[in-house]
Amino acid sequence: MSGGPDDQTGLPGLRTWRRVYWAVVAALAAWVVFLCLLDRAFG
Amino acid sequence: MNAADYLVLVGILLGIALYATWNTRRQDSLRSYLKGSENTHWFTIGLSVMATQASAITFLSTPGQGYQDGLGFVQNYFGMPLALIVVAAFFLPIFRKLNVYTAYEFLGSRFDSKTRLLAAGFFLLQRGLGAGLTIYAPAIVLSSVMGWRLDATIVCSGLVVVLYTVSGGCEAVNLTQKYQVGVIFAGMAAAFVIVIRSLPAGLTLSDSLAVAGGFHRLGGVDFSPDPARRYTFWSGTLGGFFLALAYFGTDQSQVQRYLSGGSLRGSRLGLMFNAVFKVPMQFFILLLGVFLFVFYQFERPPLFFNRAQWQQGVAHDSSGQLRALEAGFDSIEDRKAAEVKAWLAARRAGDAAGAEAARSAAEKSQAAAEEIHARAFKALSSRRPGVSANENDYVFVDFILDHLPHGLIGLLVAAFFAAALSSKAGELNALGSTTTVDLYRHIVRRGADDSHYVTASRWFTAFWGLVAIGFALFAHLAENLIQATNILGSVLYGAPLGVFLVAFFIRRIRGTAVFWGALGAQALVFVLYFRGLPVSYLWYNVIGAAACVGLSGAIQAVRGGEAAAA
């Protein structure tokens with residue numbers, strides 16, 4: 001990382017792009033788990 | 001629709017179009033005409049990416065899909081966040097570094113002119129034909145239920161989008177899309193609230209979800225490995241990943257959206273915004289359809305949601321067969337409503353056996369109602385050839401017209417048109433840019449000044465707009481043309497994606513190898529498609545991309561010495 005303006009995400013708690021990408025993957029995984037639980041609870 | 005609805009509809013659509021046209025009227029730099037303002041905020045980029053992807057059919061048909069099949073369709077979007085990460089991490093920095101106007105320009109510098117033209121040609125063929133359907137598909141639904149003339153609906157909506165896209169270019173497209181997305185979300189949120197409020201008094205959220213789950217409408221994730229199943233976790237994640245990678249990484253209508261603005265950071269944040277919010281957005285649109293399904297367990301639904309089509313059939317039915325089927329359907333629906341109420345009463349009383357018995361009876365009634373629907377469709381289509389079997393398009397709009405107050409009906413119809421215009425504008429903008437940059441400036445006229453290319457781009461955008469309107473006007477006369485366009489849309493993404501994957505990740509493969517590899521891969525996909533390979537359409541992108549990479553590598557291996565010399 002060169003520390004240039006494009007390397008700064010500007011997001012609180014997610015300072016590197018790598019962290020942003022992991023957060024996106026975590027959000028997707030959370031949705032998949034939520035959908036499975038919804039089906040299990042009411043299906 | 002009454003005068004208030006028309007006022008809301010016309011006011012919103014024309015207001016946004018005229019505002020954008022006025023604010024972006026002075027465009028004489030090619031950079032701002034094709035890429036928009038340097039100061040475009042990442043949120044605007046994110047909304048623009050979202051608006052280009054989500055067409056009117058997304059908002060018209062997806063609730064109907066939730067009504068018919070439940071939440072399963074959401075799986076198709078599981079691969080998209082992962083693809084957007086790849087685009088943001090690998091594709092975007094190179095596009096930005098080379099400062100290209102189109103994705104295909106990059107192929108010219110990485111490979112050669114013929115590979116650039118091949119990829120641009122794939123795009124123009126696919127999007128150029130598909131652009132007409134973006135207008136036609138919502139126009140045929142809305143004109144049918146509103147009683148409007150189809151040709152007038154197509155021409156009016158088409159000319160509005162051509163007006164501001166030609167006038168203001170990328171900046172106008174970004175500006176209008178921002179407000180159009182606002183209208184879409186406001187309309188969908190209002191509809192969601194009204195659907196929930198229309199459910200019977202005393203019905204809790206838990207009851208509603210139990211009814212939806214009892215009729216198998218909550219199955220959002222299917223881990224079956226069967227490739228012939230339409231929506232599974234695997235096809236959605238892997239097939240959806242390749243489809244989204246092709247669409248966001250290689251389709252100029254998206255590349256142009258996120259290359260607008262002045263910074264890599266803004267483009268990345270715009271893409272990550274979509275990576276986070278696309279799956280929830282599709283979930284809520286499908287959930288709206290699921291709640292519509294619950295609503296129609298307590299209120300009798302029509303046998304056909306496309307009521308205009310049904311009434312025309314009934315008017316020409318001298319035998320009375322259609323009316324008899326309708327009476328049978330109504331009777332089953334009334335019985336089912338009583339069974340669902342008994343089921344919920346037993347569930348609340350803690351009587352598990354009674355609840356299961358009532359649920360099982362309601363499920364059988366549902367199957368009987370679906371069988372009558374199938375018989376009614378057969379009877380209707382035998383009297384009126386060309387009847388649409390796709391009820392998904394009409395479920396939501398029928399509810400809107402029957403249950404929303406005036407003013408809100410206008411807002412929802414404006415939302416559907418806003419979605420049509422926003423995706424259409426992104427496509428036209430990209431078609432005009434690609435024709436200007438990859439064909440006209442690259443082959444016909446090199447070295448002219450900016451104002452010349454801006455003028456050329458305006459003419460090409462107008463040309464593609466008129467092609468789209470013309471296609472939409474004549475589409476209903478040629479069902480085969482619509483079918484051919486849909487096929488091209490499904491199977492023409494894999495090979496171009498393979499070209500870009502080779503360009504980014506396999507440095508040793510050169511232009512000639514990837515050019516012939518792409519043509520071979522596309523031929524293979526066509527052969528597999530027309531031989532009826534029993535797989536979901538999403539897998540064709542995986543096959544096309546893998547075949548392109550494999551064939552390119554093999555050709556390069558054969559040509560190894562020659563390439564090294566080059």
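Data table
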| quantity | calculated |
| --- | --- |
| Residues within the stretch B:283-304 that are within 10 Å of chain A (Cβ to nearest Cβ) and either under 30 Å from residue B:39 (Cα atoms) or not aromatic (Phe, Trp, Tyr) (or both), tallied | 1 |
| Failed criterion for residue B:418 (all others in (1) more than 30 Å from residue B:462 (Cα to Cα); (2) at pLDDT 90 or above; (3) part of a helix (DSSP H, G or I) hold) | (1) |
| Subset of the stretch B:319-360 [of a type outside the set (Asp, Glu) and under 19 Å from residue B:68 (Cα atoms)] | B:329, B:332, B:336, B:337, B:340, B:359, B:360 |
| Residue B:225, sole failed condition from (1) at pLDDT 90 or above; (2) surrounded by fewer than 23 Cβ atoms within 10 Å (Cβ to Cβ) | (1) |
| Where a residue in the stretch A:18-35 is more than 7 Å from chain B (Cβ to nearest Cβ) and its partner, wherever it lies, is of a type outside the set (Gly, Ala, Ser) and surrounded by 13 or more Cβ atoms within 10 Å (Cβ to Cβ), with Cβ under 7 Å and at least six apart | A:23/A:14 |
| Meets criteria (surrounded by fewer than 20 Cβ atoms within 10 Å (Cβ to Cβ) and modelled with pLDDT under 90) for residue B:462 | no |
| Pairs, first under 18 Å from residue B:100 (Cβ atoms) in the stretch B:236-261, second among the acidic types (Asp, Glu) and surrounded by fewer than 24 Cβ atoms within 10 Å (Cβ to Cβ), C-beta under 6 Å, six or more apart | none |
| Lone unmet requirement of (1) out of contact with any Leu (no Cβ under 7 Å at 6 or more places or on another chain); (2) surrounded by fewer than 22 Cβ atoms within 10 Å (Cβ to Cβ) for residue B:91 | (2) |
| Residues being closer than 28 Å to residue B:184 by Cα, charged (D, E, K, R) and assigned to a loop (DSSP other than H, G, I, E, B) - total across the stretch B:422-476 | 0 |
| Any hit, the stretch B:193-208, residues being out of contact with any strand residue (DSSP E or B) (no Cβ under 6 Å at 6 or more places or on another chain), crowded, with 21+ Cβ neighbours inside 10 Å and within 14 Å of another protein chain (Cβ to nearest Cβ) | yes |
| Helices (runs of 4 or more DSSP H) (entirely within the stretch B:35-149) containing at least 2 residues that are away from chain A (no Cβ under 14 Å) and closer than 30 Å to residue B:209 by Cβ | B:42-53, B:56-69, B:113-146 |
| Residue B:25, sole failed condition from (1) in a helix (DSSP H, G or I); (2) touching a residue at least 12 places away in the same chain (Cβ under 8 Å); (3) not hydrophobic (A, V, I, L, M, F, W, C) | (1) |
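The values are calculated or read from the model by the stated rules, or taken from the named source; none is laboratory data. Remember, it's a predicted structure, so these values are computed and weren't measured experimentally. Neighbour counts are summed over all protein chains in view; Cβ atoms, including those assigned to glycine, are modelled from backbone coordinates with ideal geometry.
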